[in-house]
Amino acid sequence: MISSVIQEARQCQGLTLGALANKVGINKSTLSRWETGKTRPCAPELARVLEILDIPETMCRQCFQQVGTPRTDRYLVRDAAEQARLPVSGGELLRALRVRASYSQADAARRVAVTQSLLSRWENNGCWPGEEKLLRLCNTLGATPNEAIGLRDYAWRNQDELPNDKEDLDRIVQGLNNQDTLLDRDLLYLALGSRYATLYRQNQIGEADATGIWGAYAYHLYGTARTHQARRIAAPALQTIERTWTPLSWAQTRALLTITDSLSQHQKYDQGIETLLRFESRFPASLRHQWANTIGMLFWHRSKLNGSQTCLKRSDGYFEESAKVAPCPQTERVQRQRYARVLSEQGRFEESLTHFQRTPTSELEPRVYVRAEKEFFVAKVLAGLGEIPAARTQLLVASNLLADYPTFRGRGEYVLLEAELTAQLR
């Protein structure tokens, strides 16, 4: 049945043997043997052929029944919404876990107690491990909970859609924040790690790019409050940073900031400061503002801990530098507002207000939440200065700005700030 289905569908679409073989990525002679019934395709190859030929799902199911391998139902056509869920293959994810853990295929196979050839088939989507072996793989290779979920629940979609060009991969990395779910982002970061490693083996990119992707992934995990996982995943990038002397890449700086922010959470401020100072000369100029802001925050935390005025002055200097070296006006505004908030928390309200207003938000600013954020902050500072009537006026302005934007009005930080200010101004 498989041979007749492929041949009839190909002829109906007016495709030659060579044209279909090119689309599938196989030899023309291999396709010819399938159509004559001399050999049968394996499940992943059959899935690609049936998808390209747009075969109905009922007929696909009958074809897979003839292949006779377990768990072939994961290759069957799903609805469009489910298909958009995971644009990477299960084998790609397994390979990425192994690469990140720095295991050779032979080492990983030995630890999981399987043959290397079987692990190779899993990584190339020739077949898929059972639940017990998959769990053992995830534990051995250090999969995060989300990665394990992706491998367990979505690995049926054995497609390979990520590009092999570095520029295309870089664009995907830069756009990952726009993905809908944490699961999508986690799995794409993981698969990207495998692709960058492949390009490194082919001598198309350097080691910094190949390991730096783990730093970008770690920064994403840290931003979603998964600190322990972030520190562990940043390790490959940090090892490369330690043994090289080249300027840090964008992704490597993410790894370094992940580690220093994590040290700050554990009140290891001196260790974080020493780390940042050690790599100061290697930070790219375009990211100098992030370096200055991070080290300024560490000095500020240390001044709170030991009451050191020297640390406080150094903190002020680094915060001021972070605003001055910002690469664009929008980044400068963000840096100055961060500094103003730090000053406000120190009770230095007049300095805070002055610093905040050095980069006022334009009245033509299209993003209403940016303008509202400014008005809320000014109201808080005025309240701290004891100027209650002026603070009430600013609070009213902020509330009116968000009146027609219930999505922003309902944000947790705005709700808490508005409630705090309202109580303070009574």
Could you name the lysines in cross-link range of LYS166, using Cα to Cα under 23 Å and dropping any fewer than eight places away on the same chain? LYS23
By what distance, in whole Å, do the Cα atoms of the stretch 138-294 stretch along each of the three principal axes, largest value first? 48, 34, 30
Which lysines, on any chain, are close to LYS324 with Cα under 17 Å apart, when same-chain ones fewer than 8 places away are left out? LYS313
Give me log10 I(q)/I(0) at q = 0.18, 0.27 Å⁻¹ for the stretch 222-277, Debye formula, one equal scatterer per alpha-carbon, no solvent. -0.58, -1.18
Considering only protein heavy atoms, what is the solvent-accessible area of ILE172 at a probe of 1.4 Å, reported in Å² to the nearest 10? 50
How would TYR219, TYR318 line up by accessible area, probe 1.4 Å, largest first? TYR219, TYR318
Using alpha-carbon coordinates alone, the radius of gyration and Dmax of the stretch 291-333 in Å work out to 11.1, 35
Rounded to the nearest 10 Å², what accessible area does LEU277 have for a 1.4 Å probe in the complete protein model? 70
Give the distance, in whole Å, between the Cα centre of the stretch 251-300 and the Cα centre of the stretch 202-237. 16
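The values are calculated or read from the model by the stated rules, or taken from the named source; none is laboratory data. The structure presented is a predicted model; accordingly, all values stated were derived computationally and were not measured. Each accessible area value is taken on the protein alone, full model and side chains, heavy atoms only, with ligands, DNA and RNA left out. Shrake-Rupley method; radii C 1.70, N 1.55, O 1.52, S 1.80 Å.
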